[in-house]
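Read through the structure below, which is laid out as structure tokens, and then see the notes.
Rule-based calculations on the coordinates, nothing more; no lab input. Please read all numbers here as calculations on a predicted model, not as lab measurements. Neighbour counts run over all protein chains shown; Cβ positions are idealised from the backbone, glycine included.
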Amino acid sequence: MIPVRTAKYSALILQGLRRGWHVAKICAMGKAGLINTGDEPDPLFPQRATVFDWVGTDAQFAELYMKARVAGTEAMVDENFLISDDRHADSEYIISEKTGELVKITDHEHINRSRLRVDTRKWYVSKIVPKIYGDRVEIEHKGNVDITARLTAGRQRVGADVPAQLDDRSAERGLLIEGSAVRVADDGSELV
């Protein structure tokens, strides 16, 4: 049975989503008492699975949930700048085995982890708000296509002069269209 959704917990979960936090973090902070004004642990704070059950069964909460997720993308984009600009752990000092002196080295693991954090947030916001943060694909057609010349060339390849082969009946019924590919077979039937 799904625990009953309360206004207090709903508000705290939606607040966390608007801050760009993921549901697991919100629930863990709620249980530890770090998300609300009190510093007391709250063992009744809903679990992650419960929040997703509410999203699946409560249309009103699902709508509020999605709006909060969209609002939270702005916090994630802002966080990307913080992650990208933070260089404090990109290097560290170690003692060189050769010289015994203190040497500054680059911490590639930290740099790659930061890149992954940024890329994950970029991917997520591009899916939630594609009109703003999604990849834009623009197709631009340059040049002209002369349809009449192409149809004429096609007729010449086939060796048929369409207007000459149409009988009077076909022209009367409106089958002769300028530039059309209607042909009349030897037995008088029309080929398209």
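Please report, in cubic angstrom per residue, the volume enclosed by the convex hull of the alpha-carbon atoms of the stretch 7-133.
Taking the convex hull of the Cα positions in the stretch 7-133, it is 148 Å³ per residue.
Taking other Cβ within 10 Å of each residue's Cβ, how do Thr99, Thr152, Thr57 sort, fewest first? Numbers along the way, then the final one.
Working: Thr99 8, Thr152 14, Thr57 11.
So the residues, fewest neighbours to most, are Thr99, Thr57, Thr152.
Could you line up Trp54, Trp21 from fewest to most neighbouring Cβ atoms inside 10 Å?
On the way: Trp54 22, Trp21 19.
Listed from fewest to most nearby Cβ atoms, that is Trp21, Trp54.
Net charge within 15 Å of Glu79 by Cβ-Cβ distance, Lys/Arg positive one each and Asp/Glu negative one each, not counting Glu79 itself? Write out the running numbers ahead of the final one.
Values: positive: Arg18, Arg19, Lys25, Arg69, Arg113, Arg115, Arg117, Arg121, Lys122; negative: Glu74, Asp78, Asp85, Asp86, Asp119.
Around Glu79, the charge tally is +4.
Listing Tyr9, Tyr124, Tyr65 from the residue with the fewest other Cβ atoms within 10 Å to the one with the most, what is the order?
On the way: Tyr9 23, Tyr124 17, Tyr65 20.
Fewest-to-most Cβ neighbours within 10 Å comes out as Tyr124, Tyr65, Tyr9.
From the backbone phi of the stretch 40-52, what are the Karplus-calculated ³J(HN,Hα) couplings (6.51 cos²θ - 1.76 cosθ + 1.60, θ = phi - 60°) in whole Hz, Gly and Pro given as x?
8, x, 10, x, 8, 4, x, 7, 4, 4, 5, 4, 5
Counting Lys +1, Arg +1, Asp -1, Glu -1, what net charge surrounds Lys127 among other residues with beta carbon under 14 Å of its beta carbon?
+2
Please list, in order along the stretch 53-70, the HN-Hα scalar couplings obtained from phi with the Karplus expression 6.51 cos²θ - 1.76 cosθ + 1.60 (θ = phi - 60°), rounded to whole Hz, x for Gly and Pro.
Couplings: 5, 4, 4, x, 10, 10, 4, 5, 5, 4, 5, 5, 4, 5, 4, 5, 4, 4 Hz.
Just to confirm a number: summing +1 for Lys and Arg and -1 for Asp and Glu over residues other than Lys104 whose beta-carbon lies under 11 angstrom from that of Lys104, what do you get? Don't skip to the answer; put the middle values down first.
Working: positive: none; negative: Asp90, Glu92, Glu101, Asp107.
For residues surrounding Lys104, the net value is -4.
Under the rule of at least 5 residues apart or a separate chain, name every residue whose amide H is placed under 5 Å from the amide H of Ser91.
Amide H to amide H, under 5 Å and 5 or more residues apart or across chains, Ser91 pairs with Asp107.
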